[in-house]
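Chemist: Just dropping this structure here.
The values are calculated or read from the model by the stated rules, or taken from the named source; none is laboratory data. Because the structure is a prediction, the values reported are computed rather than measured. FYI the Cβ positions are ideal-geometry reconstructions off the backbone, even for glycines, and counts take in every protein chain you see.
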Amino acid sequence: MAEGEAPTIETRTHTALHVLKGAVQRVLGAKWTASVYVKGSRGCLVVKYNRKPSREEMERVEAEANRKIEEDSPIEELEMKREEAERRWGDAIYDLFPIPDGVERLKILHIEGWNVNACRERHTKTTGEIGRLRIRKFRYRPSRELLEISFEILDE
């Protein structure tokens, strides 16, 4: 993104995935992302999880994500050697979809105290640029132990 250029809707929605993941980790304790999807202002985060969360828990996840967005926290995009990233953050930078062994440099998204992830996509400079996040629905797949969280971002 050029200096002063507004982030695209996809960039805002993708960044919201990272904020949502941080909230899911805090409220539910789920660590591993199984897949992600973004199209326009809508997205889906799928995490490995061992039970269906209650509606109240999911309301807390949404509230935590929006609190982080309202904080307008800075977002760092770092590029570093893979071994340095692993030394600094361990396996927290990874998801269930692996990065090929031959990749020696990683782009890392870092929201201090909230989320860290190897990610090659573009991101907003702060969480406040995302807008408001609303969880549209969630579905638990017990046979695969996957929790699917569909959301959208709003310009409120």
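Chemist: Name the one entry in 55, 26 that is of a type in the set (Lys, Arg) and either more than 14 Å from the chain's Cα centre (by Cα) or at positive phi (or both).
Modeler: 55
Chemist: Shifting gears a bit: May I ask you to verify whether residue 67 is farther than 17 Å from residue 130 by Cα, over 12 Å from the mean Cα position of the chain (by Cα) and basic (Lys, Arg)?
Modeler: Against the criterion (farther than 17 Å from residue 130 by Cα, over 12 Å from the mean Cα position of the chain (by Cα) and basic (Lys, Arg)), residue 67 does not qualify.
Chemist: Residues that are surrounded by 16 or more Cβ atoms within 10 Å (Cβ to Cβ): which strands (runs of 3 or more DSSP E) entirely in segment 1-92 hold 2 or more of them?
Modeler: Result: 33-39, 42-48.
Chemist: Could you name every one of the strands (runs of 3 or more DSSP E) located completely within segment 95-156 that has at least 2 residues being without any contact (Cβ under 8 Å) to a residue 12 or more places away in the chain and over 14 Å from the mean Cα position of the chain (by Cα)?
Modeler: Fully inside segment 95-156 and qualifying: 132-141.
Chemist: Could you tell me which of the residues 146, 106, 78, 96 is over 13 Å from residue 17 (Cα atoms), touching a strand residue (DSSP E or B) at 6+ places or on another chain (Cβ under 8 Å), modelled with pLDDT under 95 and not hydroxyl-bearing (Ser, Thr, Tyr)?
Modeler: Within the list 146, 106, 78, 96, the selection yields 96.
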